[in-house]
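The values are calculated or read from the model by the stated rules, or taken from the named source; none is laboratory data. These numbers come from a predicted model, not from an experiment. Note: ideal-geometry Cβ built from the backbone for every residue, glycine included; neighbour counts use all protein chains shown.
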Amino acid sequence: MTHDVDTVKEASAERSAALGLLAICAAQFLVSLDLSIASIAVPHMSAELGLARDSSGWVLSAFAPAFASMLLLGGRVADLYGRKRVFVTSLLVLGTASLLAGAAWSPATLITGRVLQGLAAGFIAPSALGLLTATIPEGPQRERALGIYGAVLSAGFVSGMIGGGLLTEFLTWRWTMYINVPVVLAAVALTVRHLPESRVSGGGRLDVPGGLLSAGAMVCVVYALEEAGAGTAWASTALILAAGVGLMLAFVRAERRTPSPILPMSLFRIGAVGGANLVGLVMVAAYGGMLIILTLYLQEVLGYGALPAGLVFAVSGAIAIITSTFTGKLLQRRRLDHVLLFGIVVAALGLLSLIFLPERGGLWLVIGGTSVNALGHIIVLVVVSIAANNGVPADHKSVAGAVLNTAQQLGIALGVALLTSLAAAVAEAQPEPDSAAALVTGWRWALALSAALALSTVPLTLALRKRLRM
């Protein structure tokens, strides 16, 4: 009889843990979704609300800097005041901001809603990962959970590209904002019922000056890189980028002096935390830049509309989702460093194949190259997530999640800026800069840079081998 009761309790605990993980993944899905869902809907927003060209750009660019600016502060707030509390509160703010953006009656209202979405997401992402690592112990169980978490990251971004087009086409662009609300409500209900509260006891005061410095630095850096990636001359963004770098250096100096830093520099010396985040930043830079280049190729050379172009990436998205669910099992049989190297090499092979983009009929090459890349890339992301959290003390779980998310945001912005700038420079140097041949030549060079970025992480991974085994 006692054995039966224990079995029932164990099954109930497992069910509750699974539903808690579902809540975390649902929230992270929304964060990834909101990064890409508005891209296809912008022309419809502009037509209905009368957005000027500059304002329509802000609809897309407002989310990422706001998101990046809050990550480190959000992570520390969650560790100090309760990860569950911050998670639920920021989810409700995201839902409210989505209602505001969906019901927008003017450009200012829409942009305000997008900024608030980004700020809320900056608290959601680190508190979600903090809850996951605080409630699931290191080992096979956490590795499986992070595999699912990685699948959700890929699914959210690809779903944003596809879902934005479908919602705009068959309903209205406003549903690209409203779609968040039911998911928010479901995630909040699951969190309240199935996730325990966790926080730091006696963790000190919140470092407000450090939070302001980190927020300012991330806004400047991400915004400057976004503008460079959108075609603005580097000279025009240099001052903003320099200000961001200056604020970042001031932040590092301040964190070394304060007794209760938002981001203890010692965190990067734990295991492979520092190296793993650097690998993640570079690999995401290669991936994010590649996506933009191929989207341009599909639309401007192959003549695909925005929605069909998004659907092309559904294949690689599905492969990434399937791969991530098996990566945890793979890690039970192979060492972290071996799996990470395998993922990097496979991802780089996919990128190298894309260097041979033809001027006509390159659809199958795009599908094949992105599919191979997705297979390796998602393995890398899962291993990096594990290595960036292994050994982190309980009082900095959410901060570790914030660092991981910050590195990835910087990676996306940097990769897009570098690859699009190189492509434009190469195309401009061709005899007929506006021809398809010139554009494809520029994109080939950009994709070669993407592959080089991925391969540059191989020596770093080899240097990290001992730390990855710890």
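Observations
- Positions within the stretch 269-296 being under 14 Å from the mean Cα position of the chain (by Cα) and among the polar types (S, T, N, Q), in sequence order: N277
- Among residues of the stretch 180-209, those that are modelled with pLDDT of 80 or more, buried (at least 22 other Cβ atoms within 10 Å of the Cβ) and of a type outside the set (S, T, Y), counted: 3
- Leading residue by the ranking (modelled with the lowest pLDDT) among those in the stretch 371-397 that are over 16 Å from F313 (Cβ atoms), crowded, with 24+ Cβ neighbours inside 10 Å and of a type in the set (S, T, N, Q): N389
- Candidates are the residues of the stretch 159-179 that are of a type in the set (V, I, T) and not in a helix (DSSP H, G or I); the one that is surrounded by the most Cβ atoms within 10 Å (Cβ to Cβ) is I179.
- Test: T232 is modelled with pLDDT under 80, part of a helix (DSSP H, G or I), out of contact with any Cys (no Cβ under 6 Å at 6 or more places or on another chain) and more than 23 Å from S398 (Cα to Cα): no
- Test result for P459, surrounded by fewer than 21 Cβ atoms within 10 Å (Cβ to Cβ) and farther than 28 Å from S316 by Cα: no
- Just one of the numbered conditions (1) within 30 Å of L73 (Cα to Cα); (2) surrounded by 24 or more Cβ atoms within 10 Å (Cβ to Cβ) is not true of W443: (1).
- Against the test of being more than 26 Å from A217 (Cα to Cα) and either at pLDDT 85 or above or among the aromatic types (F, W, Y) (or both), the options G442, G362 yield a single qualifying residue, G442.
- Residues being of a type in the set (S, T, N, Q), surrounded by fewer than 24 Cβ atoms within 10 Å (Cβ to Cβ) and in contact with a helix residue (DSSP H, G or I) (Cβ under 7 Å, 6 or more places away or on another chain) - total across the stretch 77-93: 0
- Residue within the stretch 140-157 that is out of contact with any His (no Cβ under 7 Å at 6 or more places or on another chain), of a type in the set (G, A, S), surrounded by 20 or more Cβ atoms within 10 Å (Cβ to Cβ) and farther than 27 Å from L298 by Cβ present: yes
- Among helices (runs of 4 or more DSSP H) entirely within the stretch 53-128, having at least 2 residues that are of a type outside the set (D, E, K, R) and modelled with pLDDT of 85 or more singles out 83-102.
- Only one of V426, V416, V383, V403 that is part of a helix (DSSP H, G or I), more than 25 Å from V158 (Cα to Cα) and not assigned by TED's automatic domain parsing to the domain that holds S198: V426
- Selection status of L365, farther than 24 Å from T325 by Cα and within 18 Å of the chain's Cα centre (by Cα): no
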